[in-house]
Structures are given as structure tokens and as C-alpha cells.
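Just so you know, all these numbers are worked out from the coordinates, no wet-lab data involved. None of these values were measured; they are calculated from a predicted model. Here Cβ is always computed from backbone atoms with ideal geometry, including for glycine, and neighbour counts include all displayed protein chains.
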């Protein structure tokens, strides 16, 4: 499995907008890369994080490998969303995309990729930091959240409180992360 992450989107969820390449933004990016490295070591997935650098003048797409995580800064005139969509089309079902951008999520789903919102992935990163006791709590919250969003289906046969099969399958995949 190859995990493709929208870097600034995830930083936004963490409370670090980090739109600059120096100062506070640089520290936030480095902290995120360290957390992703621990995630990669624990789960064994290939991890790529993409940051926008499209405002940089004359910049080319820049790839770095830091502690096992591939870090990509986009080229001038290109957004991270475009790179993520391109990678999702290349990897297809062999990848998971982490972004809260609806256009990116829809494009990745169309190519068969598993899609996870940045908030969900951040929850997984926090859970790893706090240990396995957080796993049961997170799973209970996720199931409760999904049940609240899915309306009861009295017109259908079977258990009306049971989640639809597509959501049950998604929850199984999500537990793997």
C-alpha cells in the first residue's frame, strides 16, 4: 500500500497552516515528516507527502527522501492536488489518498484508491502516539459517528440499524491504518 498525503491539508487539520517555507511552517513540516516516518515504520506502508511550492518562481518539482518518507515539493505553477491526482491515477487500487479536498477525493476514488479525510488520518497518527488504549476509543467513536450519519432504513429488509455494506467495508480498511 502506498499512502499519498496532501501535506498542507494535514497541517491545517493539525492547527499549523504553514504556508511559508521558513520559520514556523518549516518546523511544522519537519514535525509532520517525523510523525509520518514513525507511522511508516510501524505500518510498513510507503508514504509520500506532497507540499505546494507553486508560488516559488522558476521552481522544478523537488523530491526528497527523509527518514523513509518521500517528500515532494510541487513545481512552479502546479498545486499539490494535481500531483496527488496524477499519483492516484498511476497507483490506482494500490494506494490510499489522505486529503479533505473533495475534488482530489473524487478523482482518487474514480481511480480505485482508498480515500481518507485528513481528520481521520490525523486521528490515526494521534492514536499511534497514545498507544493501543486509544484504538478501542477511536474505533468506538468512528462506529458511533458512522451510525449517527446513516439514517435508519425502515423500507429495506434486514437489520435497519446495521451499516450498509459499503460503510462496513470502509471501516474494515480504515482499521488497517
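A few points about this structure:
- When segment 73-122 is filtered for residues that are part of a helix (DSSP H, G or I) and in contact with a helix residue (DSSP H, G or I) (Cβ under 6 Å, 6 or more places away or on another chain), the ones remaining, listed by number, are 81, 84, 85, 88, 104, 107, 108, 118, 119, 122.
- Residue match in segment 53-62 (condition: within 20 Å of residue 12 (Cβ to Cβ), in contact with a helix residue (DSSP H, G or I) (Cβ under 9 Å, 6 or more places away or on another chain), surrounded by 13 or more Cβ atoms within 10 Å (Cβ to Cβ) and touching a residue at least 40 places away in the same chain (Cβ under 8 Å)): no
- Selection within segment 61-72 - assigned to a strand (DSSP E or B) and in contact with a strand residue (DSSP E or B) (Cβ under 7 Å, 6 or more places away or on another chain): 62, 63, 64, 69, 70, 71, 72
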